[in-house]
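Asker: Okay, handing you the structure first.
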Amino acid sequence: GENVEQHPSTLSVQEGDSAVIKCTYSDSASNYFPWYKQELGKGPQLIIDIRSNVGEKKDQRIAVTLNKTAKHFSLHITETQPEDSAVYFCAASKGSGFQKLVFGTGTRLLVSP
Amino acid sequence: ETGVTQTPRHLVMGMTNKKSLKCEQHLGHNAMYWYKQSAKKPLELMFVYSLEERVENNSVPSRFSPECPNSSHLFLHLHTLQPEDSALYLCASSQDSGDRGREKLFFGSGTQLSVL
(Lines give C-alpha, C1' and ligand atoms only; values in the text may rest on other atoms or scores of the structure.)
Protein backbone atom coordinates (compact mmCIF):
# COMPACT_ATOMS: atom_id res chain seq x y z
CA GLY A 1 0.00 0.00 0.00
CA GLU A 2 0.88 3.67 -0.06
CA ASN A 3 3.59 5.00 2.25
CA VAL A 4 4.19 8.73 2.77
CA GLU A 5 7.39 10.05 4.34
CA GLN A 6 7.68 13.62 5.56
CA HIS A 7 10.74 15.74 6.46
CA PRO A 8 11.79 17.47 8.56
CA SER A 9 9.96 16.51 11.75
CA THR A 10 10.65 19.95 13.25
CA LEU A 11 11.52 23.23 11.57
CA SER A 12 12.42 26.52 13.25
CA VAL A 13 12.59 29.75 11.23
CA GLN A 14 12.69 33.46 11.89
CA GLU A 15 9.68 35.57 11.02
CA GLY A 16 9.90 36.63 7.40
CA ASP A 17 11.97 33.64 6.30
CA SER A 18 10.70 30.91 3.99
CA ALA A 19 9.88 27.38 5.13
CA VAL A 20 9.91 24.24 3.00
CA ILE A 21 8.48 20.86 3.98
CA LYS A 22 9.03 17.81 1.78
CA CYS A 23 7.13 14.57 1.31
CA THR A 24 7.71 11.46 -0.75
CA TYR A 25 5.16 8.82 -1.66
CA SER A 26 5.51 5.26 -2.86
CA ASP A 27 2.42 4.50 -4.97
CA SER A 28 2.71 5.93 -8.47
CA ALA A 29 -1.09 5.65 -8.82
CA SER A 30 -1.62 8.35 -6.15
CA ASN A 31 -3.08 11.43 -7.77
CA TYR A 32 -4.26 13.76 -5.01
CA PHE A 33 -1.93 15.49 -2.53
CA PRO A 34 -3.36 17.75 0.19
CA TRP A 35 -1.59 19.61 2.97
CA TYR A 36 -3.16 20.11 6.38
CA LYS A 37 -2.32 22.53 9.18
CA GLN A 38 -3.09 21.54 12.76
CA GLU A 39 -3.04 24.17 15.48
CA LEU A 40 -2.98 23.31 19.16
CA GLY A 41 -6.32 21.94 20.34
CA LYS A 42 -7.80 21.78 16.85
CA GLY A 43 -8.26 19.23 14.13
CA PRO A 44 -6.25 19.35 10.89
CA GLN A 45 -7.44 21.99 8.44
CA LEU A 46 -6.87 21.77 4.69
CA ILE A 47 -4.69 24.66 3.50
CA ILE A 48 -3.85 23.69 -0.07
CA ASP A 49 -4.07 20.66 -2.33
CA ILE A 50 -2.75 19.62 -5.72
CA ARG A 51 -3.85 17.02 -8.22
CA SER A 52 -1.47 15.05 -10.38
CA ASN A 53 -2.34 16.88 -13.59
CA VAL A 54 -0.53 20.05 -12.41
CA GLY A 55 3.02 20.67 -11.20
CA GLU A 56 2.51 23.71 -8.99
CA LYS A 57 -0.25 25.58 -7.21
CA LYS A 58 -0.09 28.84 -5.27
CA ASP A 59 -2.39 30.53 -2.80
CA GLN A 60 -1.00 33.80 -1.44
CA ARG A 61 2.02 32.92 0.73
CA ILE A 62 1.76 29.16 0.34
CA ALA A 63 2.58 27.01 -2.66
CA VAL A 64 2.84 23.32 -3.38
CA THR A 65 5.00 21.67 -6.02
CA LEU A 66 4.66 18.13 -7.33
CA ASN A 67 7.26 15.99 -9.11
CA LYS A 68 5.45 12.87 -10.29
CA THR A 69 8.57 11.29 -11.75
CA ALA A 70 10.44 11.48 -8.47
CA LYS A 71 7.25 10.92 -6.46
CA HIS A 72 7.72 13.85 -4.16
CA PHE A 73 5.84 17.01 -3.32
CA SER A 74 6.69 20.03 -1.21
CA LEU A 75 4.98 22.81 0.72
CA HIS A 76 6.53 26.27 0.50
CA ILE A 77 5.57 29.06 2.89
CA THR A 78 7.04 32.49 2.18
CA GLU A 79 7.25 35.49 4.51
CA THR A 80 6.46 33.33 7.51
CA GLN A 81 4.54 34.82 10.43
CA PRO A 82 4.20 33.62 14.05
CA GLU A 83 0.63 32.48 13.31
CA ASP A 84 2.07 30.00 10.80
CA SER A 85 3.43 28.04 13.79
CA ALA A 86 1.61 24.68 13.80
CA VAL A 87 2.02 21.06 12.77
CA TYR A 88 1.76 20.48 9.03
CA PHE A 89 0.77 17.15 7.50
CA CYS A 90 1.10 16.01 3.92
CA ALA A 91 -1.06 13.22 2.52
CA ALA A 92 -1.65 11.22 -0.65
CA SER A 93 -4.56 9.29 -2.11
CA LYS A 94 -5.76 7.73 -5.35
CA GLY A 95 -8.97 6.70 -7.01
CA SER A 96 -12.38 8.26 -6.65
CA GLY A 97 -15.30 8.14 -4.28
CA PHE A 98 -14.71 8.45 -0.55
CA GLN A 99 -11.42 9.97 0.51
CA LYS A 100 -8.78 7.44 1.65
CA LEU A 101 -5.80 9.57 2.59
CA VAL A 102 -2.43 8.24 3.75
CA PHE A 103 -0.75 10.84 5.94
CA GLY A 104 2.86 11.72 6.70
CA THR A 105 4.06 11.94 10.29
CA GLY A 106 3.89 15.73 10.45
CA THR A 107 6.28 18.68 10.68
CA ARG A 108 6.20 21.00 13.67
CA LEU A 109 6.91 24.51 12.35
CA LEU A 110 7.96 27.20 14.82
CA VAL A 111 8.18 30.76 13.58
CA SER A 112 10.02 33.05 15.98
CA PRO A 113 9.30 36.81 16.01
CA GLU B 1 -15.68 26.56 12.43
CA THR B 2 -15.09 23.66 10.03
CA GLY B 3 -18.71 22.51 10.09
CA VAL B 4 -17.78 19.28 11.90
CA THR B 5 -18.53 19.20 15.64
CA GLN B 6 -17.23 16.57 18.02
CA THR B 7 -18.26 15.90 21.63
CA PRO B 8 -16.95 15.54 24.21
CA ARG B 9 -13.68 17.42 23.74
CA HIS B 10 -12.02 15.43 26.53
CA LEU B 11 -12.83 12.03 27.98
CA VAL B 12 -11.22 10.03 30.77
CA MET B 13 -12.40 6.49 31.20
CA GLY B 14 -11.46 3.33 33.01
CA MET B 15 -10.79 0.11 31.18
CA THR B 16 -14.15 -1.36 32.17
CA ASN B 17 -16.25 1.67 31.18
CA LYS B 18 -18.48 2.09 28.15
CA LYS B 19 -18.60 5.49 26.51
CA SER B 20 -19.48 6.99 23.15
CA LEU B 21 -17.94 9.72 21.01
CA LYS B 22 -20.27 11.83 18.90
CA CYS B 23 -19.69 13.66 15.63
CA GLU B 24 -22.08 15.88 13.69
CA GLN B 25 -21.44 17.54 10.33
CA HIS B 26 -23.36 20.53 8.99
CA LEU B 27 -21.82 20.52 5.50
CA GLY B 28 -24.29 18.30 3.66
CA HIS B 29 -21.59 15.70 3.05
CA ASN B 30 -22.35 12.04 2.46
CA ALA B 31 -19.16 10.40 3.76
CA MET B 32 -17.89 10.40 7.35
CA TYR B 33 -14.69 9.09 8.88
CA TRP B 34 -13.05 8.20 12.19
CA TYR B 35 -9.29 8.76 12.48
CA LYS B 36 -6.96 8.03 15.41
CA GLN B 37 -4.09 10.44 16.08
CA SER B 38 -1.30 9.24 18.38
CA ALA B 39 1.90 11.09 19.18
CA LYS B 40 4.64 10.75 16.55
CA LYS B 41 2.49 8.54 14.30
CA PRO B 42 0.63 9.34 11.10
CA LEU B 43 -3.12 9.78 11.36
CA GLU B 44 -4.66 6.32 11.15
CA LEU B 45 -7.92 5.79 9.30
CA MET B 46 -10.26 3.63 11.40
CA PHE B 47 -13.67 3.61 9.72
CA VAL B 48 -15.39 5.15 6.71
CA TYR B 49 -19.11 5.48 6.12
CA SER B 50 -20.29 6.47 2.65
CA LEU B 51 -24.01 7.03 2.16
CA GLU B 52 -24.49 5.64 5.67
CA GLU B 53 -22.91 2.31 4.77
CA ARG B 54 -19.62 1.22 6.31
CA VAL B 55 -17.19 0.91 3.41
CA GLU B 56 -13.90 0.67 5.27
CA ASN B 57 -12.80 -0.94 8.49
CA ASN B 58 -9.05 -0.76 8.87
CA SER B 59 -8.51 -3.83 11.08
CA VAL B 60 -9.76 -1.96 14.12
CA PRO B 61 -10.27 -4.02 17.31
CA SER B 62 -13.87 -4.86 18.13
CA ARG B 63 -13.72 -2.78 21.31
CA PHE B 64 -14.31 0.16 18.92
CA SER B 65 -17.79 0.04 17.38
CA PRO B 66 -18.93 2.73 14.92
CA GLU B 67 -22.51 3.74 14.19
CA CYS B 68 -23.85 6.03 11.47
CA PRO B 69 -27.61 6.55 11.91
CA ASN B 70 -27.79 9.16 9.13
CA SER B 71 -25.49 11.16 6.88
CA SER B 72 -25.02 13.94 9.45
CA HIS B 73 -24.18 11.90 12.55
CA LEU B 74 -21.43 9.45 13.42
CA PHE B 75 -20.73 7.72 16.71
CA LEU B 76 -17.84 5.69 18.05
CA HIS B 77 -18.85 3.38 20.88
CA LEU B 78 -16.03 2.39 23.21
CA HIS B 79 -15.88 -0.54 25.63
CA THR B 80 -13.16 -2.34 27.59
CA LEU B 81 -10.45 -0.11 26.14
CA GLN B 82 -6.74 -0.44 26.88
CA PRO B 83 -4.33 2.31 28.00
CA GLU B 84 -2.69 2.20 24.54
CA ASP B 85 -6.01 3.37 23.07
CA SER B 86 -5.39 6.79 24.61
CA ALA B 87 -5.20 9.22 21.68
CA LEU B 88 -6.97 12.05 19.88
CA TYR B 89 -9.94 10.69 17.94
CA LEU B 90 -10.85 12.80 14.95
CA CYS B 91 -14.02 12.78 12.92
CA ALA B 92 -14.06 14.03 9.35
CA SER B 93 -16.50 14.37 6.48
CA SER B 94 -16.35 14.76 2.71
CA GLN B 95 -18.60 14.60 -0.30
CA ASP B 96 -18.28 11.24 -2.04
CA SER B 97 -18.75 12.20 -5.69
CA GLY B 98 -18.33 8.70 -7.07
CA ASP B 99 -16.55 8.61 -10.39
CA ARG B 100 -16.41 12.40 -10.53
CA GLY B 101 -13.53 12.29 -8.09
CA ARG B 102 -12.71 12.85 -4.46
CA GLU B 103 -13.53 15.96 -2.54
CA LYS B 104 -11.81 17.69 0.34
CA LEU B 105 -11.79 16.21 3.85
CA PHE B 106 -13.00 18.41 6.72
CA PHE B 107 -11.99 17.51 10.28
CA GLY B 108 -13.55 18.22 13.65
CA SER B 109 -11.45 19.30 16.64
CA GLY B 110 -11.30 15.80 18.06
CA THR B 111 -11.93 14.06 21.36
CA GLN B 112 -8.83 13.64 23.53
CA LEU B 113 -9.29 10.23 25.14
CA SER B 114 -7.37 9.00 28.16
CA VAL B 115 -7.81 5.39 29.27
CA LEU B 116 -6.69 4.70 32.83
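The values are calculated or read from the model by the stated rules, or taken from the named source; none is laboratory data. This one's a predicted model, so the numbers in the text were calculated from it and none came from an experiment. Cβ atoms come from the backbone with ideal geometry, glycine included; neighbour counts cover every protein chain shown.
Asker: Go through the range A:85-113 and count every residue that is in contact with a strand residue (DSSP E or B) (Cβ under 7 Å, 6 or more places away or on another chain) and more than 14 Å from chain B (Cβ to nearest Cβ).
Answerer: Of the residues in that region, 5 qualify.
Asker: State yes or no: is residue A:82 within 30 Å of residue B:89 (Cβ to Cβ), exposed (fewer than 15 other Cβ atoms within 10 Å of the Cβ) and more than 14 Å from every other protein chain (Cβ to nearest Cβ)?
Answerer: Yes, satisfied.
Asker: Within the bounds of the range A:66-83, is there any residue that is in a loop (DSSP other than H, G, I, E, B), of a type in the set (S, T, N, Q) and modelled with pLDDT under 95?
Answerer: Within the range A:66-83 (the criterion being in a loop (DSSP other than H, G, I, E, B), of a type in the set (S, T, N, Q) and modelled with pLDDT under 95), the answer is yes, since at least one residue qualifies.
Asker: When you go through (1) more than 26 Å from residue A:47 (Cβ to Cβ); (2) without any contact (Cβ under 8 Å) to a residue 24 or more places away in the chain one by one for residue B:56, which number turns out not to apply?
Answerer: Only one criterion in (1) more than 26 Å from residue A:47 (Cβ to Cβ); (2) without any contact (Cβ under 8 Å) to a residue 24 or more places away in the chain is unmet by residue B:56, namely (1).
Asker: Separate question: Residue A:87 versus (1) part of a strand (DSSP E or B); (2) over 19 Å from residue A:13 (Cα atoms): which is the lone unmet condition?
Answerer: Condition (2) is where residue A:87 drops out.
Asker: Pick from the range A:60-79 the residues that are among the hydroxyl-bearing types (Ser, Thr, Tyr) and touching a residue at least 40 places away in the same chain (Cβ under 8 Å): which of them is surrounded by the most Cβ atoms within 10 Å (Cβ to Cβ)?
Answerer: So, considering only residues that are among the hydroxyl-bearing types (Ser, Thr, Tyr) and touching a residue at least 40 places away in the same chain (Cβ under 8 Å), the one surrounded by the most Cβ atoms within 10 Å (Cβ to Cβ) is A:74.
Asker: Follow-up question, since we're still on this one. Filter the range A:3-22 down to the residues that are more than 11 Å from chain B (Cβ to nearest Cβ) and either in contact with a Cys (Cβ under 9 Å, 6 or more places away or on another chain) or polar (S, T, N, Q) (or both) and list them by number.
Answerer: Hits for the range A:3-22 are A:7, A:10, A:12, A:14, A:18, A:21, A:22.
Asker: What number of residues within the range A:20-34 satisfy the criterion of being out of contact with any Leu (no Cβ under 6 Å at 6 or more places or on another chain), at pLDDT 95 or above and among the aliphatic types (A, V, I, L, M)?
Answerer: Total meeting the criteria: 1.
Asker: OK, next. Would you pick out the residues in the range B:41-73 that are facing chain A (nearest Cβ under 10 Å) and not polar (S, T, N, Q)?
Answerer: B:41, B:42, B:43, B:44, B:45, B:48, B:49, B:51, B:55, B:56
Asker: Any idea which residue in the range B:1-21 is surrounded by the fewest Cβ atoms within 10 Å (Cβ to Cβ), counting only those that are at the interface with another protein chain (Cβ under 10 Å from one of its Cβ atoms) and not in a loop (DSSP other than H, G, I, E, B)?
Answerer: That would be B:6.
Asker: For residues in the range B:74-92 being small (Gly, Ala, Ser) and within 14 Å of chain A (Cβ to nearest Cβ), which is farthest from residue B:109 (Cα to Cα)?
Answerer: Going through the qualifying residues, I end up with B:87.
Asker: Of all residues in the range A:94-113 being at pLDDT below 95 and in contact with a Ser or Thr (Cβ under 6 Å, 6 or more places away or on another chain), which is farthest from residue A:14 (Cα to Cα)?
Answerer: A:98
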